[in-house]
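Step one of this worksheet: look at the structure below.
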Amino acid sequence: MVDALKRASAKRITVVAPFYGYARQDKKHRGREPISARLMADLFKTAGADRLMCVDLHTSQIQGFFDGPVDHLFALPLLTNYVGSKVDRKNLVIVSPDSGRVRVAERWSELLGGCSIAFIHKTRDPRVPNEATVGKVVGDVKGMTCVVIDDMIDTAGTVTKAVDALIDAGAKDVIIAATHAVLSGPAVDRLKKSRVSEVVVTNTLPIPEENRFDNLTVLSIAPLLGRAIREVFEDGSVTSLFDGHS
């Protein structure tokens, strides 16, 4: 499509890709592995794209792979507004599924009035994709409502193990909140069988009817994208959209 637009003499081409494919392959975990996130950026540029617009990249460094402007939007306000309206914020703990997303958990806490934060210590074998070993919960979650946050749910192995770890540590109930619902392989079955109270995602990816279940909530990302597109093309202010505070 980008190539067709370029050959039709389009003045400017912006690719709106709410979910950036291969985002987790942003570095080499072992020798002789591709950096597919960089390859995707190169393909967009070679085809003729001038600008990218994405939502919740797996790592912010991916913005540097594309030779041109990258509008990195955040679904954080959308997710926090929904979760904040459903729970008692005084008994809320934001849980990072690993130490690497603690800063995101801090932003959640800030938007939800300074609630507590915890994280789960986990290890991952680079030779085994989509699998992680969940260790202990770091932080007090006893009697609390926990919100496990992540950028995506792929096979749901890590998040469902996190739910079990939190419940076993005394959590009252657990909500999973993620931007991208990949839901590949056994994900839906794992989530249905887990002890999670609710799974909250956005529609950055289409979710077929067979992958929907009773406690799945899908929030629309359309207003965020619509506002960003309008502001970018009308030379308006997009700062709040990029820092996740709008």
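The values are calculated or read from the model by the stated rules, or taken from the named source; none is laboratory data. The structure displayed is predicted, hence computed values, not measured ones. Methodologically, a virtual Cβ is constructed for each residue, glycine included, from the backbone with ideal geometry; neighbour enumeration extends over all protein chains shown.
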- Do any helices (runs of 4 or more DSSP H) lying entirely in the range 1-93 carry at least 2 residues that are closer than 30 Å to Cys146 by Cα, and which ones are they? 76-86
- Query: Given the residues Leu5, Leu78, Leu92, which is the only one that is out of contact with any Gly (no Cβ under 9 Å at 6 or more places or on another chain) and at pLDDT 95 or above?
  - Reply: Leu78
- Query: Tally time: how many residues in the range 52-70 are crowded, with 17+ Cβ neighbours inside 10 Å and farther than 17 Å from Thr204 by Cβ?
  - Reply: 2
- among the aliphatic types (A, V, I, L, M), buried (at least 17 other Cβ atoms within 10 Å of the Cβ) and assigned by TED's automatic domain parsing to the domain that holds Ala10, is that true of Leu92? no
- Task: Would you confirm whether any residue within the range 198-207 is farther than 27 Å from Ser116 by Cβ, touching a residue at least 12 places away in the same chain (Cβ under 8 Å), surrounded by 15 or more Cβ atoms within 10 Å (Cβ to Cβ) and touching a Gly at 6+ places or on another chain (Cβ under 8 Å)?
- Result: no
- Message: Tell me whether the range 71-83 contains one or more residues that are under 30 Å from Phe233 (Cα atoms), under 14 Å from the mean Cα position of the chain (by Cα) and aromatic (Phe, Trp, Tyr).
- Response: yes
- Report, ordered by the first and then the second residue, all pairs with beta carbons closer than 7 Å, sequence separation of six or more or different chains, a first member in the range 15-38 that is in contact (Cβ under 8 Å) with a residue 60 or more places away in the chain, and a second member that is part of a loop (DSSP other than H, G, I, E, B) and of a type in the set (S, T, N, Q). Pro18/Thr204; Phe19/Thr204
- Selection from the range 96-116 of residues that are in contact with a His (Cβ under 9 Å, 6 or more places away or on another chain) and not acidic (Asp, Glu): Ser99, Arg107, Leu111
- Task: Please go through the range 22-47 and pick out each residue that is hydroxyl-bearing (Ser, Thr, Tyr) and over 21 Å from the mean Cα position of the chain (by Cα).
- Result: Thr46
